[in-house]
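Chemist: This structure is in structure tokens; I'll ask about it shortly.
The values are calculated or read from the model by the stated rules, or taken from the named source; none is laboratory data. Note that the structure is predicted; figures quoted are calculated from it, not measured. All Cβ positions, even for glycine, are placed from backbone atoms using ideal geometry, and neighbour counts span all protein chains on display. Note: accessible area is taken over every heavy atom of the protein model, side chains too, but ligands, DNA and RNA are not part of it. Shrake-Rupley method; radii C 1.70, N 1.55, O 1.52, S 1.80 Å.
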Amino acid sequence: MTMNLLPKVELHLHLEGAAPPSFIKGLAKEKNIDINRIFNDDGSYRFTDFWEFLKIYEAACTTLQKPEDFYRLTMAVLEESAASGVIYSETFLSPDFCGGRDLGAWREYLHAIQEAAAQAEKSFGITLRGIVTCIRHFGPEKARQTVHCAAETVGNFIVGFGIAGDEKVGAPKDFLWSFDAAREAGLRLTAHAGEWGGPESVRAAIQDLGVERIGHGVRAIEDLALVDEIAEREIVLEICPGSNVALGLYPTFREHPIGEMFHRGVKVTVSTDDPPFFHTTMKREYDMLNQAFDWDEGVFHTIAKTSINAAFCDQDTKTRIAKRLEQVHE
Ligand code: ADE
Ligand code: ZN
């Protein structure tokens with residue numbers, strides 16, 4: 001099966017996390033920033049665990065200093081996604097890294113990102129939407145500033161609000177004010193949970209924040225009553241198997257719980273998270289899942305349909321993308 005030809009929908013992608021190391025190295029050189037320490041000798045990103053990953057991720061972001069940098073980044077990322085067969089993508093955008101949560105600056109960064117998205121749609125046939133994301137270990141006060149940026153720019157492009165970062169720091173309810181404000185502004189909600197925290201962390205995100213999607217959520221598998229509840233309530237999991245394996249959460253794809261989750265009726269979707277950090281692409285995720293679970297085109301078609309149904313964009317866009325999923329690709 002030629003996985004890159006299957007049309008794909010990706011719901012969980014961090015824009016900065018999708019920056020190839022060569023791209024960040026190029027920006028660092030242009031700006032005379034010394035960040036060689038974040039790269040291995042072979043040019044790949046250097047980290048050994050999640051917490052080190054977060055540190056070098058933030059170091060890489062120091063090279064992204066202007067709206068123009070984000071224009072170039074968005075174009076590069078969408079070209080790569082389209083080459084993997086992605087036709088619709090939702091990306092996490094952090095005002096923390098786009099002008100330090102200042103609303104005026106955020107508007108300029110967002111404008112550049114949207115311009116690139118419009119160009120990429122014409123050139124590569126891929127549609128992008130944005131989910132404004134606060135960062136858990138930056139704390140609730142910065143999240144309030146972040147949701148302010150989100151609420152002021154909600155629309156056709158900015159469609160959701162989420163939280164990423166270190167799940168071991170604080171609790172979902174610390175961010176209740178921000179999630180309530182986002183909901184009131186008309187944003188759809190998702191939260192990273194059940195990656196470094198266990199089932200109780202997933203429960204807290206669902207119950208305390210009222211999210212309709214969970215980023216990762218895989219550790220819900222440690223409590224089958226919770227898995228049943230997720231399936232019953234049709235909460236969608238944005239699962240990133242390659243990310244989980246690369247960060248050591250599961251030793252191999254075969255031991256990753258996505259297979260059992262799918263089997264138990266959970267609405268699972270497949271994404272890359274931060275593809276160059278984890279040496280992956282959407283095509284590779286599909287290849288690895290095909291090998292690990294013998295999933296065929298039928299399963300991947302089901303997953304793509306689940307994904308577009310769970311997308312945060314407007315109904316016209318969903319209908320248009322859903323039609324493209326039905327087209328046979330040779
Ligand atoms: N930010 C970027 N990637 C992340 C991940 N996998 N978990 C939490 N925060 C992130
Ligand atoms: Zn993520």
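Chemist: Being open to solvent by less than 20 Å² (accessible area, probe 1.4 Å), within 16 Å of ligand 2 (Cβ to nearest atom) and assigned to a loop (DSSP other than H, G, I, E, B) is the filter here; which residues of the stretch 1-59 pass it?
Modeler: Correct list: 15, 19.
Chemist: For the stretch 124-155, give me each residue that is part of a helix (DSSP H, G or I) and free of Cβ contacts under 8 Å to residues at least 12 places away in the same chain.
Modeler: Hit for the stretch 124-155 is 141, nothing else.
Chemist: Which residues, counting only those in the stretch 188-211, are assigned to a strand (DSSP E or B), out of contact with any Leu (no Cβ under 6 Å at 6 or more places or on another chain) and buried (at least 23 other Cβ atoms within 10 Å of the Cβ)?
Modeler: 190, 192, 193
Chemist: To continue, here is another question. Among (1) open to solvent by less than 20 Å² (accessible area, probe 1.4 Å); (2) touching an Asp or Glu at 6+ places or on another chain (Cβ under 6 Å); (3) within 15 Å of ligand 2 (Cβ to nearest atom), there is one condition residue 90 misses while meeting the rest; what is its number?
Modeler: Unmet condition: (2).
Chemist: Taking the conditions exactly as written (buried (at least 16 other Cβ atoms within 10 Å of the Cβ) and over 20 Å from residue 307 (Cβ atoms)), does residue 284 satisfy them or not?
Modeler: no
Chemist: Residues in the stretch 20-40: is at least one within 27 Å of residue 188 (Cα to Cα), under 16 Å from the mean Cα position of the chain (by Cα) and either of a type outside the set (Asp, Glu) or away from ligand 1 (no atom under 16 Å from the Cβ) (or both)?
Modeler: no
Chemist: Related question: Examine the stretch 189-207 for a residue that is of a type outside the set (Val, Ile, Thr), on the phi > 0 side of the Ramachandran plot and more than 13 Å from ligand 2 (Cβ to nearest atom), and state whether such a residue exists.
Modeler: Checking the stretch 189-207: not a single residue is of a type outside the set (Val, Ile, Thr), on the phi > 0 side of the Ramachandran plot and more than 13 Å from ligand 2 (Cβ to nearest atom).
Chemist: Could you give every pair whose Cβ atoms fall below 7 Å, whose first residue belongs to the stretch 206-230 and is within 14 Å of residue 267 (Cβ to Cβ), and whose second residue is more than 16 Å from ligand 2 (Cβ to nearest atom) and among the basic types (Lys, Arg), counting only separations of at least 6 or pairs across chains?
Modeler: 212/188; 227/264
Chemist: Is at least one residue of the stretch 114-129 buried (at least 20 other Cβ atoms within 10 Å of the Cβ) and under 21 Å from residue 58 (Cα atoms)?
Modeler: The answer is no, given that none of the residues of the stretch 114-129 is buried (at least 20 other Cβ atoms within 10 Å of the Cβ) and under 21 Å from residue 58 (Cα atoms).
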